[in-house]
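Right, one structure below, let's go through it.
The values are calculated or read from the model by the stated rules, or taken from the named source; none is laboratory data. Remember, it's a predicted structure, so these values are computed and weren't measured experimentally. Neighbour counts are summed over all protein chains in view; Cβ atoms, including those assigned to glycine, are modelled from backbone coordinates with ideal geometry. Heads up: the accessible areas ignore ligands, DNA and RNA and are worked out on the full protein's heavy atoms, side chains in. Shrake-Rupley method; radii C 1.70, N 1.55, O 1.52, S 1.80 Å.
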Amino acid sequence: MSKLDPSSREFREAGHKLIDRIADYLDNVDRYRVLSNVRPGEIASKFPPLPNNEGRPYDALMTDFESKIVPGVTHWNHPAFFAYFSITGSQAGILAELLMAALNLNGMLWKTSPAHTELETVTLEWLRKSLGLPDGLFGIINDTASINSFLALAAAREALGFDIRGKGMTGRDLPPLKVYCSEHAHSSIEKGALALGFGASGVELIESDDKFRMRPDALDAAIERDRAAGALPCAVTATLGTTSTASVDPLPEIADIAKREKMWLHVDAAYAGSATVEPSLRWLWKGIESADSIVVNPHKWFFTPIDCSVLYTRKPDMLRQTFSLVPEYLKTTDSAEVNYMDYGIQLGRRFRALKLWMVMEHYGIDKIRSVIRDHVSYAERLASELTKRKDIELLAPQSFSVVVFRKKGIDEAASEKASAELLERMNASGRLFVSHTKLKNKYGIRVAIGNGATEWEHVARVLEFV
Ligand SMILES: Cc1ncc(COP(=O)(O)O)c(C=O)c1O
């Protein structure tokens, strides 16, 4: 028996109670305030400066959890959480997380747990087919889209053929390298480029059209200008489902430009990619055959607890060329085709495929599809109700499950003030949580539907406050 846990008796008792506690939470999550209203420092002040020396029973910890921690929780698993992109800690996903912790696998190499590697390969093939993505894509799970986009940009940089892996980027004759994305791309693209040494000046945020989609003519013009100045286009990111409005960049046109300019084409479908489990939404993928890499986040809209982000690429060799580095102590003699540690930065890897597998298998694709359809229909209904009101205007076309609107005002400042006040009132109520954005300098309230427990009555709270 372990020195830490001499018997499993306490674990069993606490574990059974914990599952009941979690089930009660999920049944009653709507009774909590969505957005925590504690003051900064309030939670930290409840804890002593040092941990105790003797250890404490689980019951005491649960009492502390309820009284000291829960008040500072913003309930991301609440059906009226509409801020940022709402997510779901589904029951199947929660059970999988428990199993993952129990096994505590580290899937760095195939042999460090063959089931880990092989289930990842299998589930990513299932996901690819369920979303209607093309054949011939290699998939890998990492924690977040931010990391996956970083890996894709690193591969894009290596694919230029300058042996940046071998020679680095400084003290040598390299042209300025350029990464392009729309002004509405997620900040993770720019951050990834910064971390890779492209520099802020190496990232061009391309203007969008009146529907917040990247303008291919503006991309063309930026490339022409950059080439004339001696810079070299390296990669372009098309966002299918932007963060502010879920707008969709024109992938076929961007793909043509990428091909002509020999740029790596990265597709960020972190949010909207999951929606294509519904065949009528697969128009999203028009032009996707040309993508070198694609990001989809099951932890956003595929009911898998955070964290689980998928990177697909048709050029896994480029990822390996960029990242594979095998020290003696990790060399293997088996014939495994995939050692996932070769395709990114991290060595240790959680068994995230287990939760994706449990979510897909337990709910089945039909149910996942129908929940996503419901979310989109709630967004359509919300948008239609809002447009009936004289004092409200939509700031962007409703897209997938995202609606952005504002209060009208006599001028921009009055509109922003009234909209911000409305948002504050909604969030202060604790009954729902929405976030904001700015579109062409106009302040908008943003509602993103995506939690597996959300019903129309939750979305209708927005209308009550409006
Ligand atoms: C379009 C898009 N891409 C990437 C991200 C980053 O996701 P992650 O938190 O997985 O890094 C987000 C986050 O909301 C997003 O909206």
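Summary of values
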quantity: Added length on full extension, which subtracts the Cα-Cα distance from 0.36 nm per residue, ARG165 to TYR84; calculated: 25.6 nm
quantity: Environment charge at ARG12 (Cβ cut-off 14 Å; Lys +1, Arg +1, Asp -1, Glu -1); calculated: -3
quantity: Euclidean distance of C-alpha centroids, the stretch 163-203 and the stretch 220-240, integer Å; calculated: 12 Å
quantity: 5 angstrom amide H check on VAL203, placed H, neighbours 5+ away; calculated: VAL179
quantity: Antiparallel %, DSSP beta bridges [both residues in the chain], to 5; calculated: 60 percent
quantity: Relative contact order (percent, whole number), the stretch 210-259, Cα cutoff 8 Å, 6+ residue spacing; calculated: 43 percent
quantity: Per residue accessible area of the chain, 1.4 Å probe, in Å²; calculated: 47 Å²
quantity: GluC sites (Glu not before Pro) restricted to the stretch 11-98 and DSSP loop, no more than 13 other C-beta within 10 Å; calculated: GLU42, GLU54
quantity: Computed E for LYS286/ASP217 - FRET, C-beta separation, R0 25 angstrom, nearest 0.05; calculated: 0.85
quantity: Fraction of the pair-distance distribution of the stretch 325-424 above 24 Å, Cα-Cα pairs, percent; calculated: 58 percent
quantity: Cross-link table LYS259/LYS315; LYS407/LYS438; LYS178/LYS262; LYS300/LYS367; LYS259/LYS286; LYS68/LYS355, entries beyond 18 Å C-alpha to C-alpha; calculated: LYS68/LYS355
quantity: Hypothetical label at GLU224: residues of the stretch 249-285 whose amide nitrogen lies under 16 Å (7 Å Cα-Cβ projection); calculated: 257-258, 260-261
quantity: 5 angstrom amide H check on LYS286, placed H, neighbours 5+ away; calculated: none
quantity: Counted charge near ASP173, where neighbours are those whose Cβ lies closer than 15 Å (Asp, Glu -1; Lys, Arg +1); calculated: +1
quantity: Exposed-loop-free span, longest in the chain, where trypsin sites (Lys or Arg not before Pro) count as exposed if DSSP calls them loop and at most 12 other C-beta atoms lie within 10 Å; calculated: 4-171
quantity: 12 Å cut-off, amide nitrogen to a point 7 angstrom out along GLU457 Cα→Cβ, residues in the stretch 26-62; calculated: 30-31
quantity: Within the stretch 193-340, percent of DSSP bridges classed antiparallel, to nearest 5; calculated: 45 percent
quantity: Carbon + sulfur, % of accessible area of the chain - ligands and nucleic acids excluded, 1.4 Å; calculated: 55 percent
quantity: Karplus-derived 3J(HN,Hα), 6.51/-1.76/1.60, for each residue of the stretch 229-245, Hz, glycine and proline x; calculated: 8, x, 8, 10, x, 10, 8, 10, 10, 9, 9, 9, x, 6, 5, 6, 10
quantity: 3J(HN,Hα) from dihedral phi, the stretch 45-61, Karplus parametrisation 6.51/-1.76/1.60, rounded to Hz, x for glycine, proline; calculated: 5, 7, 9, x, x, 9, x, 6, 8, 8, x, 9, x, 4, 4, 5, 5
quantity: Residue-averaged 222 nm ellipticity for the chain, from DSSP H runs of 4+ at -39500 (n - 2.57), nearest 500; calculated: -12500 deg cm²/dmol
quantity: For the stretch 428-441, Karplus couplings with θ = phi - 60° (6.51, -1.76, 1.60), whole Hz, Gly/Pro x; calculated: 5, 5, x, 8, 7, 9, 10, 10, 10, 8, 10, 10, 6, 6
quantity: Two-site label geometry, ALA101 and GLU118: point separation in nm, points 7 Å out along Cα→Cβ; calculated: 2.8 nm
quantity: Summed residue charge, Cβ within 14 Å of LEU354's Cβ, Lys/Arg positive, Asp/Glu negative; calculated: -1
quantity: Per DSSP, loop GluC sites (Glu not before Pro) in the stretch 316-403 with at most 14 further Cβ within 10 Å; calculated: GLU337
